[in-house]
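Data block below; observations after.
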Amino acid sequence: MNQTTLTISSKNYSSWSLRGWLMMKMSGIAFEEIAVPADSADARAELLLLSPSIRVPCLEHDGVTVWDTLAIGEYLNEIAPKAHLLPTNQVQRAHCRAICGEMHSGFSALRSSMPMNLKAQFKDFKIWSKARMDIDRILEIWTHCLTLYQGPFLFGKTPTLADAMYAPVVTRFLTYGIALEPLIQSYCQHIINLPAMQEWKAAAINEPEDIDELEMEF
């Protein structure tokens with residue numbers, strides 16, 4: 001039987017690696033991590049948003065290679081249906097896919113001006129106007145989902161692909177000290193408290209590599 005592996009880059013900086021890794025953890029499928037060194041050209045291109053085609057994370061399973069984060073999520077939902085990575089209800093499933101797609105293709109101002117950095121804590125961070133628009137839209141999505149599906153996760157009582165896709169945003173809000181309403185604060189805490197998130201964060205804090213371009217305060 002072929003070994004299942006997930007190739008990732010920096011746990012401190014790589015939001016896409018975190019998304020794919022959380023999806024794997026949620027699926028319940030055992031896997032081995034393969035780490036791309038943070039100082040490699042491909043890893044730096046991904047982390048600094050310079051790569052035209054993000055190849056991290058990359059899943060290898062039973063001879064199949066899947067390298068796009070959304071594709072990894074959809075694939076895992078098919079091979080591990082009991083994990084309910086997507087809602088079982090058709091309408092909710094479409095809603096989940098829609099907001100996952102919005103995260104996948106949008107919010108470029110937030111990503112570029114507020115890089116994921118679990119080690120850092122910035123005070124009085126200046127938020128660019130376009131990044132503020134991204135933040136407001138994300139808060140709108142979260143508030144709607146948490147109200148409609150009654151939490152504590154975006155689609156109810158258990159985390160889905162949507163929570164994995166937005167988990168790096170939760171870390172960004174904490175890193176950059178974004179003021180949040182109680183409903184959103186509670187959601188963020190539920191994400192941070194996930195055992196998988198705690199495991200990832202501990203590894204990120206102990207990661208030796210720092211990238212100067214992602215350590216500066218804009």
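Every number here is computed from the coordinates shown, using simple stated rules; none is lab data. Keep in mind the model is a prediction, meaning the values are calculated, not measured. Backbone-built Cβ (ideal geometry, glycine too); neighbour counts: all protein chains shown.
Per-structure values
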item	result
Segment Glu199-Phe125, length gained on full extension (0.36 nm per residue, minus Cα span)	23.9 nm
GNM top mover of Asp163, Asp124, Asp68 - the chain, alpha-carbon springs below 10 Å	Asp124
Cβ-based exposure ranking for Ile34, Ile141, in which fewest neighbours within 10 Å come first	Ile34, Ile141
Ranking of Thr147, Thr7, Thr158, Thr69 by count of other Cβ atoms within 10 Å, fewest first	Thr147, Thr158, Thr7, Thr69
Mean residue ellipticity (222 nm) of the chain, computed from DSSP H runs ≥ 4 via -39,500 (n - 2.57), nearest 500	-16000 deg cm²/dmol
Extension reserve of the Thr158-Thr5 stretch, reckoned as 0.36 nm per residue once the Cα distance is removed	52.6 nm
